[in-house]
1. Of the residues that sit in region 79-104 and are open to solvent by less than 90 Å² (accessible area, probe 1.4 Å) and among the polar types (S, T, N, Q), which one is modelled with the lowest pLDDT?
2. Under 9 Å between Cβ atoms, which residue pairs at least 6 apart in sequence (or on different chains) link something in region 51-78 that is over 15 Å from TRP29 (Cα atoms) with a partner that is among the charged types (D, E, K, R) and surrounded by 13 or more Cβ atoms within 10 Å (Cβ to Cβ)?
3. I want to confirm something. Restricting to region 28-72 and keeping residues that are open to solvent by less than 60 Å² (accessible area, probe 1.4 Å) and of a type in the set (D, E, K, R), which single residue is farthest from VAL84 (Cα to Cα)?
4. So which residues in region 26-83 are of a type in the set (Phe, Trp, Tyr) and closer than 17 Å to TYR98 by Cβ, if there are any at all?
5. Are there any pairs, at least 6 apart or on different chains, whose C-beta atoms fall under 7 Å, with the first in region 107-121 and farther than 17 Å from ARG97 by Cα and the second among the β-branched types (Val, Ile, Thr) and part of a loop (DSSP other than H, G, I, E, B), and if so, which?
Amino acid sequence: MIDAAAAGAASAVPGLPRDDDGPVFREPWEAQAFAMALALHERGLFIWKEWAAALAEEIKRARAEGDAGETYYRHWLATLERLVAAKGVASSQTLNRYRDAWDHAADRTPHGSPIELKPEDFRP
């Protein structure tokens, strides 16, 4: 059973992969991106209509570049990053810095182990 916030997102955001029980995720990061969007919506960063419009724009842009539609949650994440930057919560530069740090941490982490960010991951 999904909670009210997830149910609201599932009904308000077109194209959300779902089954009879609610949103469907292929990988843990997809559920985490979904949860981050829910949390930011609940904190008033955006309304679902605004989110849906931004997501539709992201998907349209990706399709124009040849995306075949297999990357829904990548679009979700790109939309989340774009809105966070547009609303001044974090700059695109900060988001890129953390993405690069995450890549460094993932590269040194053995498969199956939790990824931990360390100060050295933020060095170029």
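1. By that ranking, first place goes to SER92.
2. ALA54/ARG82; GLU57/ARG82; GLU58/ARG82; ILE59/ASP67; ARG61/ASP67; ALA62/ARG74; ASP67/ARG74
3. Per the criteria, the residue is ASP67.
4. Matches in region 26-83: TRP29 only.
5. Short answer, once both residue conditions are applied: THR109/ILE115.
The values are calculated or read from the model by the stated rules, or taken from the named source; none is laboratory data. Just so we're clear, the structure is a prediction, and the values are computed from it rather than from any experiment. Using ideal geometry, Cβ is built from the backbone for each residue, glycine included, and neighbour counts are taken over all protein chains shown. Quick note on the areas: whole protein, heavy atoms, side chains included, nothing else; ligands and nucleic acids left out. Shrake-Rupley method; radii C 1.70, N 1.55, O 1.52, S 1.80 Å.
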